[in-house]
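To start, the structure itself, in structure tokens.
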Amino acid sequence: MRQTTYDTDNELRDRVILVSLVTSEVKRGDADPELSLQELVSLAETAGSDVLSTMTQNKETRDPKWFIGKGKVEELRAVAEELGATTVIFDQELSGAQVRNLEAALDLKIIDRTQLILDIFAQRAKTREGIIQVELAQLSYLLPRLSGQGKNLSRLGGGIGTRGPGETKLETDRRHIRDRINDLKSVLDELVRHRNLHRERRRKSGVQQVALVGYTNAGKSTLLRELTKADVYVEDQLFATLDPTSRSLELPSGKEVVLTDTVGFIQNLPHDLIAAFRATLEEVLEADLVLHVVDSSSPMRDEQMAVVDKILTDLGAAGKPQLTIFNKIDKYNRDELGMLPTKGLDALEISAFSADDLLRLREAIQENMTGDTRTFVLPAERGDLIALAYRTGEVTKQEVDGDLLRLTVELNKQDYEVHGYKLEAYSEQ
């Protein structure tokens with residue numbers, strides 16, 4: 001009989017074995033298999049599981065029937081029986097047929113990395129938009145694998161991999177799932193329309209935006225809380241916060257900008273999840289400045305930075321003005337981790353809990369967002385140019401001289417670079 005364990009709240013906990021297959025394709029790719037497996041341990045623990053063991057197989061290609069080799073399946077079954085495992089989590093995506101074959105051979109619950117991450121997101125989503133985005137990602141993942149998920153989804157209350165829509169969709173055919181996906185997309189489109197209206201209002205009002213991005217657990221939410229005194233959930237765990245949060249941040253000059261915390265990135269972030277959360281992630285595209293928050297104390301720091309850079313490139317945000325924030329500097333051990341990779345970067349080393357460091361960060365944000373102070377002499381009847389001057393910066397002085405209006409403007413760098421050329425001819429030398 002398999003052993004089961006209970007946590008202090010008497011909730012059933014999965015006892016899991018983690019499996020990674022390292023193929024030639026994986027070795028040639030950008031992902032680090034060792035980092036990925038380490039993260040899988042953290043992900044499984046975040047989902048509320050007890051990790052009993054990890055297994056890695058090096059193989060030229062994946063087995064179309066078993067994913068891993070047939071001999072490895074036998075070894076896995078023996079280890080699972082010895083340890084009393086209830087679940088096997090694979091670090092790569094499985095097909096529905098592979099799930100079905102492995103479940104039949106092992107008589108265990110089989111899930112993959114994508115399903116595990118979706119499960120964690122299902123736990124974290126609190127807002128209506130977040131819940132819809134997660135369900136959409138789960139159903140998009142489930143649809144092509146429906147024939148292989150029967151046993152998995154029938155284990156009601158069975159822990160990881162069964163949260164969200166899965167257990168209620170067991171008897172639902174593909175047509176109904178497609179209908180539900182279309183319904184969710186329609187609702188999401190309406191929410192996106194409202195989000196775009198808010199963005200447009202912010203642009204018209206001249207409010208500048210700063211986006212916090214970074215690897216999960218880099219300390220973005222902590223920075224948001226310490227900088228703005230926002231009442232946000234902060235915990236030392238993966239994906240502690242999911243829904244984006246925006247708060248007003250006052251700069252040393254007294255000017256206010258909008259600071260937005262975004263969902264943390266991770267290696268091999270599921271494609272369905274990126275697609276479902278694209279509207280949320282597009283907050284980064286609207287930002288005037290991107291703060292890339294890095295956990296300077298992480299031994300996988302450089303690899304994590306590369307993952308964030310890749311996802312920003314995929315989103316089309318690679319060219320955004322960026323300030324790299326090496327956070328958790330109070331935990332950073334130079335002897336063990338080597339020099340910080342600051343070369344070629346506009347970077348700052350801080351601790352989110354240091355008032356002096358936070359002041360330096362606010363000053364750096366201000367410096368990156370504020371351009372020169374210029375004076376424009378505009379015809380009073382050119383309301384379009386006057387409105388443009390107000391949109392491209394903060395008007396600090398206004399004088400009327402007959403049919404002319406003299407405006408002294410503290411420019412916003414990004415807005416002026418995009419629209420300011422229309423004012424160049426009226427600039428007072």
Fill in: Residue list for segment 138-196, restricted to those being within 20 Å of Leu273 (Cβ to Cβ), charged (D, E, K, R), modelled with pLDDT of 70 or more and open to solvent by 40 Å² or more (accessible area, probe 1.4 Å)
Arg178, Arg180, Asp183, Lys185, Asp189
Practice prompt. Show the residue pairs that are 6+ apart or on different chains and have beta-carbon atoms under 8 Å apart, the first residue being within segment 325-344 and of a type in the set (D, E, K, R), the second being assigned to a strand (DSSP E or B).
Written response: Lys328/Asp295
Item to complete: Scan segment 53-72 residue by residue and report those that are within 22 Å of Val41 (Cβ to Cβ), part of a loop (DSSP other than H, G, I, E, B) and open to solvent by 30 Å² or more (accessible area, probe 1.4 Å).
Response: Lys59, Arg62
Worksheet, complete the sentence: Scanning segment 73-91 for residues that are touching a helix residue (DSSP H, G or I) at 6+ places or on another chain (Cβ under 8 Å) and farther than 18 Å from Ser49 by Cβ, the one most open to solvent (accessible area, probe 1.4 Å) turns out to be Arg77
Worksheet, complete the sentence: Restricting segment 24-36 to residues that are assigned to a helix (DSSP H, G or I) and open to solvent by less than 70 Å² (accessible area, probe 1.4 Å), the one nearest to Pro299 (Cα to Cα) turns out to be Leu35
Item to complete: List the number of the failed condition for Glu39; all other conditions in (1) under 26 Å from Leu139 (Cα atoms); (2) in contact with a strand residue (DSSP E or B) (Cβ under 9 Å, 6 or more places away or on another chain); (3) not in a loop (DSSP other than H, G, I, E, B) hold.
Response: (2)
Discussion item. Among the residues of segment 401-415, are any at pLDDT below 85, assigned to a helix (DSSP H, G or I) and surrounded by fewer than 17 Cβ atoms within 10 Å (Cβ to Cβ)?
Written reply: no
Discussion item. I'm trying to understand the selection: among the residues of segment 312-329, which are closer than 17 Å to Ser221 by Cα and either open to solvent by 60 Å² or more (accessible area, probe 1.4 Å) or in a helix (DSSP H, G or I) (or both)?
Written reply: Ile329
Discussion item. Between Leu251, Leu242, Leu291, Leu238, which is buried (at least 21 other Cβ atoms within 10 Å of the Cβ) and either at pLDDT below 80 or over 15 Å from the mean Cα position of the chain (by Cα) (or both)?
Written reply: Leu242
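For segment 361-391, give me each residue that is of a type in the set (S, T, N, Q), within 30 Å of Thr222 (Cβ to Cβ) and either without any contact (Cβ under 8 Å) to a residue 40 or more places away in the chain or assigned to a helix (DSSP H, G or I) (or both).
Residues satisfying the conditions are Gln366, Asn368.
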Worksheet item: Here are Ala122, Ala104: which of them is assigned to a helix (DSSP H, G or I) and either open to solvent by less than 10 Å² (accessible area, probe 1.4 Å) or without any contact (Cβ under 8 Å) to a residue 12 or more places away in the chain (or both)?
Response: Ala104
Discussion item. Test of understanding: among Asp309, Asp335, which residue is assigned to a helix (DSSP H, G or I) and either buried (at least 16 other Cβ atoms within 10 Å of the Cβ) or within 18 Å of the chain's Cα centre (by Cα) (or both)?
Written reply: Asp309
Worksheet item: Among the listed residues Glu394, Glu424, which satisfies the condition of being open to solvent by 30 Å² or more (accessible area, probe 1.4 Å), at pLDDT below 85 and in a strand (DSSP E or B)?
Response: Glu394
Worksheet item: What pairs come up if the first residue lies in segment 183-203 and is farther than 21 Å from Ser140 by Cβ and in a helix (DSSP H, G or I), the second is open to solvent by 80 Å² or more (accessible area, probe 1.4 Å) and aromatic (Phe, Trp, Tyr), and their beta carbons are under 7 Å apart, counting only those six or more places apart or on different chains?
Response: none
Worksheet, complete the sentence: If we keep only residues of segment 338-350 that are modelled with pLDDT under 90 and not hydrophobic (A, V, I, L, M, F, W, C), then the residue most open to solvent (accessible area, probe 1.4 Å) is Lys343
Worksheet item: Hey, Ser354 hits all of (1) in contact with a strand residue (DSSP E or B) (Cβ under 9 Å, 6 or more places away or on another chain); (2) surrounded by 13 or more Cβ atoms within 10 Å (Cβ to Cβ) but one; which does it fall short on?
Response: (1)
Discussion item. Among (1) within 27 Å of the chain's Cα centre (by Cα); (2) farther than 26 Å from His271 by Cβ, there is one condition Leu83 misses while meeting the rest; what is its number?
Written reply: (1)
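The values are calculated or read from the model by the stated rules, or taken from the named source; none is laboratory data. Just so it is clear, the model here is predicted, and its values are computed rather than measured. In this analysis, Cβ positions are derived from the backbone assuming ideal geometry, glycine residues included, and neighbour counts consider all displayed protein chains. Ligands, DNA and RNA are stripped out before the accessible areas are found, and what is left, the full protein with its side chains, is counted by its heavy atoms. Shrake-Rupley method; radii C 1.70, N 1.55, O 1.52, S 1.80 Å.
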